[in-house]
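Beneath this line is the structure, given in C-alpha cells, with notes to follow.
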Amino acid sequence: MKVVLLQDVKGKGKKDEIVSVSDGYARNYLFPRKLAAEADAKILNDIKNKEAAKARRIELEKQAARETAEKLQSLLVKITIQSGADGKLYGSVGTKDIAEALAAQHGVEIDKRKIVLDSPIKAYGTYTVDVKLYPEISGKLNVLVCG
C-alpha cells in the first residue's frame, strides 16, 4: 500500500514522502497514530502544490540574495572609531559593528552572522568583507575604518 507520511517515521521516511508499506502496518500502526495517510489523488496533488510553492519561495529568496549582493558591491560602509596616540584602535571592529553601520548608513539589514571576517579589524584602512547571503550566493562589501 502506498502512503504519504504526515510525520517523520523512523526507518520509513520523512514527512511528505510517499512510501510503500504493508497493508497491516499502515492500518494498524501508521493510520491510528496519524503518522500517515493513504496516497490518493487529492493528497498527491496537495504534496505537489506544496513542493511547487516551496520551490517558488526558494527561487524568490535566491533572487533577493542576488540583488542584495549586487547592491553591496557598490556600497562603502564608513566606520569611525577612536585610536590611541600610536595609531592603534581602541578595541576592534567586528561583524556587529559592520552590520549596524550598514543598516544606519544605507538601510540594508543584514544579520551579523552572515558577515564573514577572518579576524576583527584592528587598524585603520579599507577592507573588503565577504557577506554570505545564501548558501551559494555571497557578496563583497567595502568597509572604511577611519578616525
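Please work out if residue 41 is in contact with a Phe, Trp or Tyr (Cβ under 7 Å, 6 or more places away or on another chain) and among the aliphatic types (A, V, I, L, M). Working first, answer last.
Details: in contact with a Phe, Trp or Tyr (Cβ under 7 Å, 6 or more places away or on another chain): no; among the aliphatic types (A, V, I, L, M): yes.
Taking the combined requirement at face value, the residue does not satisfy it.
Quick one: would you say residue 52 is within 14 Å of the chain's Cα centre (by Cα) and hydrophobic (A, V, I, L, M, F, W, C)?
no
Inspect region 5-24 for any residue being closer than 24 Å to residue 128 by Cα, crowded, with 16+ Cβ neighbours inside 10 Å and not basic (Lys, Arg) and give the result as yes or no.
no
Listed here are the residues, each with its yes/no results for (1) buried (at least 16 other Cβ atoms within 10 Å of the Cβ); (2) aromatic (Phe, Trp, Tyr); (3) over 23 Å from residue 141 (Cα atoms); (4) not assigned by TED's automatic domain parsing to the domain that holds residue 141.
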{"site": "52", "(1), (2), (3), (4)": "no, no, yes, yes"}
{"site": "85", "(1), (2), (3), (4)": "no, no, yes, no"}
{"site": "96", "(1), (2), (3), (4)": "no, no, no, no"}
{"site": "101", "(1), (2), (3), (4)": "yes, no, no, no"}
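If you take the residues in region 118-132 that are modelled with pLDDT of 90 or more and farther than 15 Å from residue 144 by Cβ, which one is nearest to the chain's Cα centre (by Cα)?
By that ranking, first place goes to 132.
Do you know which residues across region 118-147 are under 13 Å from residue 68 (Cβ atoms) and either part of a helix (DSSP H, G or I) or touching a residue at least 24 places away in the same chain (Cβ under 8 Å) (or both)?
Residues satisfying the conditions are 131, 133, 134, 137, 138, 139, 140, 141.
Sort out which residues of region 102-117 are in a helix (DSSP H, G or I) and either in contact with a strand residue (DSSP E or B) (Cβ under 7 Å, 6 or more places away or on another chain) or in contact (Cβ under 8 Å) with a residue 24 or more places away in the chain (or both), and write them in order of number.
Matches in region 102-117: 102, 105, 106, 114.
For region 26-43, state whether one or more residues are surrounded by 13 or more Cβ atoms within 10 Å (Cβ to Cβ), closer than 30 Å to residue 134 by Cβ, in contact with a Leu (Cβ under 7 Å, 6 or more places away or on another chain) and not assigned by TED's automatic domain parsing to the domain that holds residue 135.
The first filter runs over region 26-43 and keeps only residues surrounded by 13 or more Cβ atoms within 10 Å (Cβ to Cβ), leaving 26-27, 29-31, 35-39, 43.
Next, from what is left, pick out any that are closer than 30 Å to residue 134 by Cβ: none.
No - not one qualifying residue is present in region 26-43.
Out of (1) out of contact with any strand residue (DSSP E or B) (no Cβ under 6 Å at 6 or more places or on another chain); (2) exposed (fewer than 12 other Cβ atoms within 10 Å of the Cβ), what's the single condition that is false for residue 61?
For residue 61, the failing item is (2).
The values are calculated or read from the model by the stated rules, or taken from the named source; none is laboratory data. Computed from a predicted structure; not experimentally measured. Quick reminder, even Gly has a Cβ in these numbers, built from the backbone with ideal geometry, and neighbours come from all protein chains shown.
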